[in-house]
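Worksheet: one structure, shown below.
Readers should treat all values here as calculations from the given coordinates under stated rules, not as data from a laboratory. Because the structure is a prediction, the values reported are computed rather than measured. Cβ placement follows ideal geometry from the backbone for every residue including glycine, while neighbour counts extend to all protein chains displayed.
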Amino acid sequence: MTHIHSLIERMLKLALFVAFLSLIPKIATAQKLTIATFNAEFLSKSMVHIKYGKRFDIKRESEKEQDFWNDEDNRKDKFKEASANVASFIKQMNTDILTLTEVGGKDDLEVLINELKKIGVNFKYWEVCDCKDNVTKQHVAILSKYPLKEVWYEIEGRSIYLEETDGDSEGETGVSKGLKATVIVNEKEIDVFVLHFKSERGGFDSDAKRLAQASIVRRSIIPLLNAGRNVIVTGDLNSERRSESIYRIRGFDDVYEELIQTGNSDYFENTDVRWTYNYRGEAEQIDHILLSSQIAKKSDIKTRILETKNENVSDHNPVIVTVELQ
């Protein structure tokens, strides 16, 4: 009996100890996360000739050039070569999540994924948007080392805008190249938007259209913020940091939570590069990563821009942001 009582006593002590451990709060450990956004400049098989200095409309080139690029095998080989160049540059970013603009559809992106694997970069999860742009046929995409779920293959909604400064005529637009995917980082869910807005070419009409597109995106963001979600907005927004459309996305026009502009000087370390695209001789930062405030403390945000320095890769520089998740 003494032996049994001793065994029972030891088992009770063990049970009490296990119960005590369960009451001790888990020690929070910082989780570093790196996200990058990059305009890959027409990395699509149907338009890859532009990366090699040819005109948008290949029919405007010489017959010799047309014959070369209209040959399916030649185009396929040059697209694979371009994808390998971009993959090599992506490896330098050393990022966990990568959002891309100016890429092709699913089949084209799979070529890039395979080229990345060849050099030891494995984005296990990736998605491509449904493109509504019948002119450029460009897509946006997300590549992630963390699982993805709840993908929106387009950013739904329409918005009106004034086509002229006097307000006599109205236009209507949507977001032709946009995607949202929820990334799961160690049980933490982050809603990542990838966007490509109307280009700077086109004067007032283009500016007004981008602002309308920003309104559509902000409408999509607000319900997520109100639900306490973590939100990141990325992509080629074709607008500088202090433009009206960027302020609209960030929330300066409403009473909801404002997004953090990681492109502000406060978040850069010692680097001279502050631009992502050179438009008509003027260096601008038009590619952005915007964060909701609960993702990380401002002191835990570090931004850098990696200069491409290779026309065969892209005419844009990527923005790379590292955060310590709260």
If you place +1 on the Cβ of every Lys and Arg, -1 on the Cβ of every Asp and Glu, and leave all else neutral, what size is the dipole of the stretch 263-305 about its Cα centre, to the nearest 20 Debye? 120
What order do you get for Leu116, Leu162, Leu237 when you list them from fewest to most C-beta neighbours inside 10 Å? Leu162, Leu116, Leu237
Please list, by residue number, every one of the GluC sites (Glu not before Pro) in the stretch 239-289 that is coil in DSSP and has at most 13 other beta-carbon atoms within 10 Å. Glu269
How big is the Kirkwood radius of the stretch 219-261, worked out from every pair of different alpha carbons and given in Å to one decimal? 11.0
Going by a ≥ b ≥ c, the root eigenvalues of the Cα gyration tensor, does the chain fall in the rounded group (a/c under 1.5), the prolate group (a/b larger than b/c) or the oblate group? prolate
Quick one: what are the phi-derived ³J(HN,Hα) couplings along the stretch 280-291, Karplus 6.51/-1.76/1.60 with θ = phi - 60°, whole Hz, x for glycine and proline? 6, x, 10, 6, 9, 9, 10, 9, 9, 10, 10, 10
D (µm²/s, integer) via Stokes-Einstein for the stretch 186-326, Kirkwood Rh across alpha-carbon pairs, 25 °C, 0.890 mPa s: value 156
Just to confirm the number: angle between the C-alpha axis of helix 72-93 and the first principal axis of the chain, 0 to 90 degrees, nearest 10? 50
Cα centroid distance between the stretch 174-248 and the stretch 102-132, in Å? 21
Dipole of the chain [Lys/Arg +1, Asp/Glu -1 at C-beta], most positive-end residue of Ile50, Phe38, Gln326: Gln326
How high is the relative contact order of the stretch 164-238, given as a whole-number percent (alpha carbon pairs under 8 Å, six or more residues apart)? 36
Can you give me the distance in nm between label points at Glu307 and Phe268, each placed 7 Å from the Cα along the Cα-to-Cβ direction? 1.2
Exposure proxy ranking, count of Cβ atoms within 10 Å, fewest first, for Thr101, Thr271, Thr34: Thr271, Thr34, Thr101
Amide H neighbours of Ile289 under 5 Å, counting only residues 5+ apart in sequence or on other chains, H built in-plane at 1.01 Å? Thr262, Gly263
